[in-house]
Amino acid sequence: MTPAARVQSAIEILDAVIAAARTQGAPADRILADWARGNRYAGSKDRRAIRELVYAAIRACGPVPANGRSAMLLRAKNDPELAALFDGSAHAPAPIGSDEAAAQPGIAPPWLEERLAASGIDGDEAAALLSRAPLDIRVNRLKANPDTLELPVNAETLAVPGALRLPAGTMVEEWPAFAEGLIEVQDAGSQLACLAAGAKAGETVIDLCAGAGGKTLALAAAMGNHGTLIACDTDRRRLGQLSPRAERAGAEITQTVLLDPGREAEALADWQGRADLVLVDAPCSGTGTWRRNPESRWRLTARELDRLTALQARLLDIATKLVKPGGRLVYVTCSLLDEEGAGQVEGFLAANPRFRAVTPDLPLGSRRGPGLRLTPLRDGTDGFFIACLSAT
C-alpha cells in the first residue's frame with residue numbers, strides 16, 4: 001500500500017470507530033482486527049502503520065469527531081508530510097479544502113475534562129492519560145521465582161515485587177513462559193492493588209468483581225494456594241475465562257459464583273460475615289486506562305457515570321455483609337474521578353462507622369482522601385484509586 005492509501009484506510013477505520021463509540025459498539029482494537037481480516041492485501045507493515053495512524057488520531061481529538069476525515073485532518077494540521085498525502089490520487093484521501101474543519105483537540109469531551117480537573121487531574125497529569133502504555137507482566141510465584149526467571153528479552157524491574165516491564169508490542173503470548181503459566185500480563189498498578197489487599201495463606205478471600213480473573217490469580221499466588229478463594233461476577237462469559245487461566249497458572253480457586261444482578265446477597269448467603277478479605281474491583285468509567293483504550297472517553301456520558309457510581313455504592317454495601325469482624329474490604333477502581341474514588345469511599349465511611357480507612361504500605365501512589373491514587377504521570381502505571389478499609 002502507498003502511504004496515501006494507508007491514510008485513507010485509517011480514515012475509513014476511524015469512521016467505524018466513531019460510529020461504534022456513539023452506539024456502544026465494538027472497541028477500536030476489534031474494528032482494526034476485523035479490517036485486517038477483510039483486507040488481506042495489507043501486509044504487516046501496512047497494518048502496523050494504519051494502526052498507528054488510527055490511534056494517533058483518536059488520542060488527538062477531545063470531543064467525538066464528526067467523522068474519520070476530520071480526525072485525521074486534526075493530525076495533518078501539525079504534520080506537513082501527512083497533509084501532503086491528501087492529494088486525491090488513486091486510493092488516497094481527497095485534497096484538503098480551504099474551508100474544511102478539523103476535529104477539536106483536547107483530552108476528552110469538555111464535561112469530562114471538567115470532572116477530571118475537579119478531581120485534580122489536569123495539565124500534564126491529564127495529558128499523560130493519552131500517552132502510550134507499556135507492557136507489564138507479573139511473575140507467577142506459584143510457578144516461578146522472579147530472581148531466576150529467564151525471558152527471551154531483557155525486562156525492566158519495577159518497584160512492585162515480581163513486576164517486570166517489557167517493550168511495548170512484545171509478543172508475550174507466544175513465549176513458552178506464558179504458555180506454562182510462569183507469567184501473566186498485568187499492569188503494575190493492578191498488581192499494586194492486589195498487593196494492597198494483602199491476601200494471606202489460610203484466609204477466606206472473596207473477589208466480588210472477578211471478571212476474567214486477573215486479580216483473582218494474583219490473590220491465589222499471594223495465598224500460596226492455601227485458603228478459600230471465591231471468584232464472583234455477573235458476566236458469565238468473562239467468569240468462564242477464569243478456569244483455563246487458573247489451570248495454566250496453577251492457581252486453585254475454591255469456587256466461582258455467577259451473580260444475578262440485584263440478587264447478589266442470595267448467591268452469597270453462605271459467606272455472610274465469613275470473609276477475612278473482600279476485594280471490590282468495581283466497574284467504573286475506566287478513565288485510568290485511556291492509554292490502552294483512548295476511544296473509551298468518547299463512550300462515557302454523565303448519565304452512565306451516575307449509573308456506575310450507584311453500582312459501586314451497592315457493591316460496597318454487599319461487601320460489608322461479607323466481611324467478618326477484624327476483616328478488611330479493599331475497594332479499587334481504574335478511575336481518576338473522585339466520585340468513583342475518594343468521594344465514593346468518604347460517603348461509604350460516613351454511612352458505615354464499623355469501617356475505618358487504613359493507608360496501605362505501597363512503593364508507589366499518592367494520598368487522595370481516604371485512599372491512594374496511582375497515575376500514569378507520577379507512577380508510570382494505569383490510573384487507579386485504592387482504599388483499604390478495616391472492619392471492627
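The values are calculated or read from the model by the stated rules, or taken from the named source; none is laboratory data. If you're wondering where the values come from, they're calculated on a predicted model, not measured in any experiment. Backbone-built Cβ (ideal geometry, glycine too); neighbour counts: all protein chains shown. All accessible areas refer to the heavy atoms of the entire protein, side chains included, with ligands and DNA or RNA removed. Shrake-Rupley method; radii C 1.70, N 1.55, O 1.52, S 1.80 Å.
Summary of values
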| item | result |
| --- | --- |
| J(HN,Hα) series, region 248-258, from Karplus relation 6.51 cos²θ - 1.76 cosθ + 1.60, nearest Hz, glycine and proline x | 5, 7, x, 9, 9, 9, 4, 7, 10, 10, 7 |
| Long-range amide H partners of L135 with built H, under 5 Å | L166, A168 |
| Peptide ranges 2-12, 277-287 listed from the most packed, as the mean C-beta count within 10 angstrom indicates | 277-287, 2-12 |
| Order by protection proxy (mean Cβ within 10 Å, highest first), peptides 70-82, 288-300, 171-183, 327-339 | 327-339, 288-300, 70-82, 171-183 |
| Peptide ranges 375-387, 147-159, 340-352 listed from the most packed, as the mean C-beta count within 10 angstrom indicates | 375-387, 340-352, 147-159 |
| Other-chain or far-sequence residues with amide H under 5 Å of T254's (modelled H) | L229 |
| Count of Lys pairs (Cα-Cα under 28 Å; at least 8 positions apart or interchain) in the chain | 8 |
| Estimated [θ] at 222 nm from DSSP helical runs (n ≥ 4, -39500 (n - 2.57)) normalised by residues in the chain, nearest 500 | -11500 deg cm²/dmol |
| Principal-axis tilt of helix 3-23 within the chain, Cα atoms, nearest 10 degrees | 50 degrees |
| 3J(HN,Hα) from dihedral phi, region 213-223, Karplus parametrisation 6.51/-1.76/1.60, rounded to Hz, x for glycine, proline | x, x, 6, 4, 5, 5, 5, 4, 5, 5, 7 |
| I206, I107, ranked by accessible area, largest first (probe 1.4 Å) | I107, I206 |
| Estimated vicinal HN-Hα couplings, Hz - region 335-347 in sequence order (Karplus 6.51, -1.76, 1.60; Gly, Pro = x) | 10, 10, 8, 4, 5, 9, x, 4, x, 4, 6, 4, x |
| Prolate/oblate/rounded call for the chain, Cα gyration tensor, a/c under 1.5 rounded | prolate |
| Relative contact order [Cα under 8 Å, 6+ residues apart], the chain, whole percent | 14 percent |
| Full-extension gain in nm, A269 to K77, via 0.36 nm per residue minus C-alpha separation | 63.2 nm |
| DSSP bridge orientation in region 188-391 - percent antiparallel, rounded to nearest 5 | 50 percent |
